[in-house]
Amino acid sequence: MKKLSFLVSLTNNDNDYQQEQAAAAEKAARRLDVGVKIVHANNDAVAQSQQLLHYVQESVARPDAIMFEPAGGTAFPQVARAAAAAGIGWVVLNHEVDYVLELRRTFKVPVFGISSNHEEVGKIQGRQFAALLPTGGSILYIEGPANSSAAKERTAGMLRTKPANIRVKTMRANWTEESAHRTVSSWLRLRTSQESHIDLVGAQDDSMAMGARKAFSEIAESERARWMKIPVTGCDGMPKTGQAWVRSGTLAATIFIRPNTDLAIEMLVEAIKNGTALPEHKVTEPESVPSLQELAGAAEKMQRGAGA
């Protein structure tokens, strides 16, 4: 049997989670002795669609399967059908789609989705907010793009678990530090921001959380200290970035969302080589960093110290 080869298309190369997705895919490929090619869409859904279609139509170096994380709000159903018809497996990462079952019934190639439980990510974040603000307050909440199903599900989960006495002011960025820095910097220049009392910043990923902190560090010196004292939380929790930032105190909390490209490659190899049955959709579970109990304990200790 020829050596299997897979294409991995990621949204960008500027986000620590996407970088970890690439690293996890390469590590799994070495371990399982398969080929892997990683490409990036630079947050451009049209470019990603064309990119994927090119590899579907490639006759010489056609991959055995394509796995991709959508850069926009669509998971390219027409490209998915073209890939399956060409005998190429199709894996959707971190995005809800409604065409998987139909493709599985029609074509004899592995087709499935694999994702973190994004609603649970949001629920954990809402509980983190409750632990960090036990008496309530106001949050600046930085969401991912409006067309992202992951962003929508995280927001819905957060709103379900955050206490009623926590008010939320939302703004959007594009899963990168630079985009959040630009968004928050623009808001800070508005008079309304100067009149706002923000107790906590919550971002839907760690890179956007760091973009917010960078924006705070650049404001006028008379206001800078106040903004830099505000606790900031994120999501993704990669060991070298998010978790390290929590340990250093740069972030108050994050949520560990395990990379899933390695798991997708393992599942594809098992299915192609051994005929192992695949689920229609595989879900991985996120974890609070630090734990919610540790977070509540630390917040309570800080409150006691402030009241002393």
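Some observations on this one:
- Across segment 1-85, Cα-Cα pairs more than 17 Å apart make up 47 percent of the total.
- With the highest mean first, a sort of the peptides 96-109, 229-242 on other beta-carbon atoms found within 10 angstrom per residue produces 229-242, 96-109.
- Sites Arg160 and Thr74, calculated FRET efficiency, Cβ-Cβ separation with R0 25 Å, nearest 0.05: 0.45
- Taking Thr74, Thr155, Thr276 in turn, the Gaussian network model of the chain (Cα-Cα springs below 10 Å) assigns the largest fluctuation to Thr276.
- What segment 246-293 shows is 47 Å² of accessible area per residue, with the surface traced by a 1.4 Å probe over protein heavy atoms.
- For the listed peptides 120-133, 190-203, 257-270, a ranking on the average number of other beta carbons within 10 Å per residue, highest first, reads 120-133, 257-270, 190-203.
- Using 0.36 nm per residue and subtracting the Cα-Cα separation, the extra length available between Gln293 and Thr276 on full extension is 2.2 nm.
- Normalised by the number of residues in segment 151-308, the average gap of Cα pairs under 8 Å and 6 or more apart makes the relative contact order 16 percent.
- Amide H contacts under 5 Å for Arg167, placed H, 5+ residues apart: Gly137, Ser138, Ile139
- Shape of the chain, Cα gyration tensor, a/c cut at 1.5: prolate
- Extension gain for Lys301-Ala47 works out to 86.4 nm (0.36 nm per residue, less the C-alpha to C-alpha distance).
- The string of couplings for segment 93-101 from the Karplus curve (6.51, -1.76, 1.60, θ = phi - 60°) is 9, 6, 7, 7, 9, 10, 9, 4, 4 Hz, one whole number per residue in order, with x for Gly and Pro.
- With K and R counted +1 and D and E -1, the other residues having a Cβ less than 15 Å from that of Glu266 yield a net charge of +1.
- Amide hydrogen proximity for Lys282: with H placed 1.01 Å from N in the peptide plane, the residues at 5 or more positions away or on another chain lying under 5 Å are Gly113, Ile114, Ser115.
- Using R0 = 30 Å, the C-beta based FRET efficiency linking Asn117 and Ser196 works out to 0.40.
- Projected label points at Arg224 and His54, each 7 Å from Cα along the beta carbon direction, are separated by 4.4 nanometres.
- Rounded D (µm²/s) - segment 107-154, Kirkwood Rh over Cα pairs, Stokes-Einstein at 10 °C, 1.306 mPa s: 121
- Each Lys and Arg contributes +1 and each Asp and Glu -1, all at the Cβ; summed about the Cα centre of the chain, the dipole is approximately 220 debye.
- Around the amide H of Gly234, modelled in the peptide plane, lie the amide H atoms of Ala203, Ala253, Thr254, Ile255, all under 5 Å away and 5 or more residues distant in sequence or on another chain.
- For the chain, a Gaussian network of Cα nodes joined below 10 Å ranks Asn274, Asn147, Asn43 by mean-square fluctuation, and the top entry is Asn274.
- Distribution of pairwise C-alpha distances over segment 168-308, 5 Å bins, in %: 2, 9, 15, 18, 15, 13, 10, 6, 5, 3, 2, 1, 0
The values are calculated or read from the model by the stated rules, or taken from the named source; none is laboratory data. Quantities reported herein were computed from a predicted structural model and do not represent experimental measurements. All Cβ positions, even for glycine, are placed from backbone atoms using ideal geometry, and neighbour counts span all protein chains on display. Ligands, DNA and RNA are excluded from the accessible area calculation, which covers all protein heavy atoms including side chains. Shrake-Rupley method; radii C 1.70, N 1.55, O 1.52, S 1.80 Å.
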